[in-house]
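Novice: Sharing a structure here in structure tokens format.
The values are calculated or read from the model by the stated rules, or taken from the named source; none is laboratory data. Everything numeric here is computed off the predicted structure, so don't read it as measured data. Glycine also receives a Cβ, built like all others from the backbone with ideal geometry; neighbour counts cover every protein chain displayed.
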Amino acid sequence: MGPGGSHGWPAPSPRAWPSTAAVVPETLCVLASKQCVRLAFCFDCSNARCRPSSSLVAKPTVQGGDSMLKEEVRKHWEKETCGTRYGSAENRRVYFDELSAARYTLEPHIQTFADFPASKGKSVLEIGVGAGADFLNWCVHAGHATGLDLTQSAVDLTRERLILNSVPTSRYALFAADAEDLPFDNGVFDLVYSWGTLHHTPDTERSLAEAFRVLKPGGTIKLMVYHAQSWTGLYLYLRFGVARGRLRASTRELIGQHLESPGTKAYLPQEIEALLRLVGFSDISAYTQLGPSDLLRVARSEKYESALYRFIWGVYPRWLVRLAGHRYGLYLLVRAGKGAGRPARDQGDDALTPTSEEWA
Ligand SMILES: C[S@@+](CC[C@H](N)C(=O)[O-])C[C@H]1O[C@@H](n2cnc3c(N)ncnc32)[C@H](O)[C@@H]1O
């Protein structure tokens with residue numbers, strides 16, 4: 001996988017992903033040939049010899065299969081729609097403007113990545129609209145925008161935002177639906193966009209296969225999923241691993257247990273590429289990006305309101321994290337295309353299927 005390519009992809013070269021070997025040289029892996037002790041600096045490396053068998057898929061805290069987990073995910077996001085903490089105005093139009101201003105100030109890379117104006121005349125599907133900041137942009141720029149979210153609260157908030165912004169209903173369709181079971185015919189969208197959503201759904205592979213199915217041949221998917229080697233992961237390791245005496249907990253496990261809804265997953269670039277190839281995508285490129293949580297720039301929830309957390313937020317060396325660049329950013333920004341050929345799975349292309357050792 002490499003950055004660049006045939007889609008006019010924003011040039012990510014300064015932060016292009018190096019090979020994992022360069023990031024975590026094997027010599028750094030303690031006891032790599034036997035059972036790695038996986039200290040924090042390992043950041044869940046991809047060395048198959050020291051990776052624990054269950055490390056790829058975060059362990060959900062909920063037992064009982066995907067449907068129960070999905071219900072937990074839904075309940076989590078029904079309680080508080082993503083990003084709604086960043087506004088306080090009583091006037092709803094002003095409130096939504098505050099949310100958008102905070103979003104694009106904290107995460108200016110979203111606009112570069114999404115490239116809303118380039119969607120002119122296109123049919124766009126956004127999966128996981130949240131509070132609808134990006135969806136409003138798709139409605140303004142695209143030929144037609146379709147948005148969905150697992151939660152009714154996100155759909156209601158997004159609809160309210162569109163109405164307050166006088167977006168004609170002819171420009172969009174919006175409803176509650178599941179990314180793993182998209183209610184559309186095959187081949188109807190030019191672009192599928194999903195920011196920070198598909199790592200929350202229990203069966204991410206199925207949601208990617210669905211995205212592939214509903215794209216037109218020649219269409220594009222743009223998504224952000226969490227990266228397995230990030231400052232945020234290190235922070236979770238210190239907070240929920242080291243501080244609780246769970247030194248051997250992996251950051252993936254801790255991401256699954258403590259980063260937003262239960263069962264959240266995180267990927268290495270080569271892992272998300274393998275998943276995308278498996279369901280049929282080609283022309284894949286990815287790069288990592290620091291997010292607000294890597295820089296402790298997120299608005300604190302109630303559980304982080306104590307004096308200790310205020311102190312940590314105050315002394316956190318953001319300059320140092322910035323200096324290290326985007327390599328260990330939480331965000332993995334991915335773009336892939338649907339070529340004219342059949343999905344790899346139909347072609348019986350075993351070479352693209354990860355080995356059991358890679359995925360076990
Ligand atoms: C972190 S929020 C991101 C929302 C929005 N894209 C943003 O950036 O603010 C994750 C969203 O994914 C939605 N979600 C989780 N699983 C989903 C699924 N299976 N189908 C559709 N939406 C889902 C949640 O309801 C939530 O609104």
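Novice: Within the range 178-201, take every residue that is part of a strand (DSSP E or B) and within 18 Å of Leu275 (Cβ to Cβ) and give me the one that is nearest to the ligand (Cβ to nearest atom).
Specialist: Taking the range 178-201 as the starting set, the residues that turn out to be part of a strand (DSSP E or B) are 189-195.
Then drop every residue that is not within 18 Å of Leu275 (Cβ to Cβ), which leaves 192-195.
Working: Val192: 12, Tyr193: 9, Ser194: 7, Trp195: 4 Å.
My answer is Trp195.
Novice: Are any residues in the range 81-115 charged (D, E, K, R), within 14 Å of the ligand (Cβ to nearest atom) and in contact (Cβ under 8 Å) with a residue 40 or more places away in the chain, and if so, which ones?
Specialist: Arg85, Glu107
Novice: Got a sec? Which of Lys222, Lys216 is of a type outside the set (Phe, Trp, Tyr), within 16 Å of the ligand (Cβ to nearest atom), surrounded by fewer than 23 Cβ atoms within 10 Å (Cβ to Cβ) and part of a strand (DSSP E or B)? Don't jump to the end; show me each part of the working.
Specialist: Numbers: Lys216 fails: within 16 Å of the ligand (Cβ to nearest atom).
Lys222 is the lone residue from the list that is of a type outside the set (Phe, Trp, Tyr), within 16 Å of the ligand (Cβ to nearest atom), surrounded by fewer than 23 Cβ atoms within 10 Å (Cβ to Cβ) and part of a strand (DSSP E or B).
Novice: Here is a further query. Is it fair to say Gly143 is in contact with a strand residue (DSSP E or B) (Cβ under 9 Å, 6 or more places away or on another chain) and either at pLDDT below 95 or within 10 Å of the ligand (Cβ to nearest atom) (or both)?
Specialist: Considered against the rule, which asks whether it is in contact with a strand residue (DSSP E or B) (Cβ under 9 Å, 6 or more places away or on another chain) and either at pLDDT below 95 or within 10 Å of the ligand (Cβ to nearest atom) (or both), Gly143 comes out as no.
Novice: Further question: Among the residues of the range 296-304, is there at least one that is in contact (Cβ under 8 Å) with a residue 12 or more places away in the chain, small (Gly, Ala, Ser) and buried (at least 16 other Cβ atoms within 10 Å of the Cβ)?
Specialist: No, that holds for no residue.
Novice: Still on this structure, I have one more. Kindly evaluate Glu78 against the criterion of being touching a residue at least 24 places away in the same chain (Cβ under 8 Å), surrounded by fewer than 17 Cβ atoms within 10 Å (Cβ to Cβ) and within 22 Å of the chain's Cα centre (by Cα).
Specialist: yes
Novice: Of the numbered conditions (1) free of Cβ contacts under 8 Å to residues at least 40 places away in the same chain; (2) within 14 Å of the ligand (Cβ to nearest atom); (3) of a type in the set (Asp, Glu), Glu126 satisfies every one except a single condition; which is it?
Specialist: If we test Glu126 against (1) free of Cβ contacts under 8 Å to residues at least 40 places away in the same chain; (2) within 14 Å of the ligand (Cβ to nearest atom); (3) of a type in the set (Asp, Glu), just (1) comes out false.
Novice: Tally time: how many residues in the range 111-125 are over 11 Å from Tyr172 (Cα atoms) and either crowded, with 21+ Cβ neighbours inside 10 Å or not hydrophobic (A, V, I, L, M, F, W, C) (or both)?
Specialist: 10
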